[in-house]
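Let me begin by presenting the structure, written as structure tokens, before commenting on it.
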Amino acid sequence: MPEKPPKTNWTSPKFYFFYFIVFTIIVLIVFSYIILSYYWNYWSIATNMERYYRGRQQELVQVFPQILANDPFLGSIDAKVTLYEYSDFLCPACQAFQTDLTALEKYYGPKLLYVFKGLPLTMNPESRPAMRAAYCAGEQNKFWEYKNLLFQNPVLLNLQAYREYANLLNLNLEQFNSCLESKKYDSVIDRNLTEALSLQITSVPTVYINRQKIEGHLNFNTLKNIIDQELR
């Protein structure tokens, strides 16, 4: 009998194609995992760096108020407690706060240094002109007296009123009017606005007692408790 030819194992091309597809999918999954892991790690590092530098930037931003040039103040520079008032002459809450503020000044006397920061945040068109007038009065050492007059009747404030108050306080009217017209203290007002932005002050009145920020409803007892703690 003739010998049978050896049996040859024959594999269909479809079989090889199937394994090729499976292998390709596995390779793609592995490479996708590697690439995604790389970019995920990169994104995490970038996010952490952004948070770090954002934190550093916040540290560099002014976080406490300071007494700057042309800031009106009452009391001794050496006082242990400094009260900064960010205020607007056309703000009703600021007007109401003046009674408590005056009481604090009288109660603590030389123990308290009071600093005024003009901050025209109200939408009233006389807000900035009133601030200019107060600073111009300050040139002639009458800031505080002029400030009190402005807070008496804020709804009546206008150019005529500013001049009448200056006359009432026996200011040099020529110097006062020249100061008003020049708007020379707009740079101080703008500086206060920039400072308020760095301190995240969005409403008036806002008070700082040394480094402590107080917002909302301000009254004598609340501020007295904080000042007493600072004096200990």
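The values are calculated or read from the model by the stated rules, or taken from the named source; none is laboratory data. From a predicted model like this one, the values you see are computed outputs, not experimental measurements. Cβ: placed from backbone, ideal geometry, glycine included. Neighbour counts: every protein chain shown.
Summary of values
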item	result
Some residue of region 207-226 being in contact with a Lys or Arg (Cβ under 9 Å, 6 or more places away or on another chain), among the charged types (D, E, K, R) and part of a helix (DSSP H, G or I)	no
Top-ranked residue of region 152-164 - restricted to ones that are surrounded by 20 or more Cβ atoms within 10 Å (Cβ to Cβ) and part of a helix (DSSP H, G or I), ranked as modelled with the highest pLDDT	Y162
Region 174-206, subset over 13 Å from the mean Cα position of the chain (by Cα) and crowded, with 16+ Cβ neighbours inside 10 Å, residue farthest from F116 (Cα to Cα)	N177
Selection within region 200-232 - in contact with a Pro (Cβ under 8 Å, 6 or more places away or on another chain) and at pLDDT 95 or above	Y208
Hits in region 178-206 - residues which are among the hydroxyl-bearing types (S, T, Y) and assigned to a loop (DSSP other than H, G, I, E, B)	Y185, T202, S203
Which numbered condition N167 misses (of (1) outside any helix (DSSP H, G or I); (2) among the polar types (S, T, N, Q); (3) farther than 14 Å from Y185 by Cβ)	(1)
Verdict on N141 being part of a loop (DSSP other than H, G, I, E, B), exposed (fewer than 13 other Cβ atoms within 10 Å of the Cβ) and without any contact (Cβ under 8 Å) to a residue 24 or more places away in the chain	yes
Any hit, region 51-61, residues being in contact with a Phe, Trp or Tyr (Cβ under 8 Å, 6 or more places away or on another chain), in a loop (DSSP other than H, G, I, E, B) and modelled with pLDDT under 95	no
Enumeration of residues in region 78-121 that are assigned to a strand (DSSP E or B), within 26 Å of L156 (Cα to Cα) and of a type in the set (A, V, I, L, M)	V115
Candidates Y135, Y114, Y165, Y146, filtered to the one that is among the aromatic types (F, W, Y), at negative phi and in contact (Cβ under 8 Å) with a residue 60 or more places away in the chain	Y135
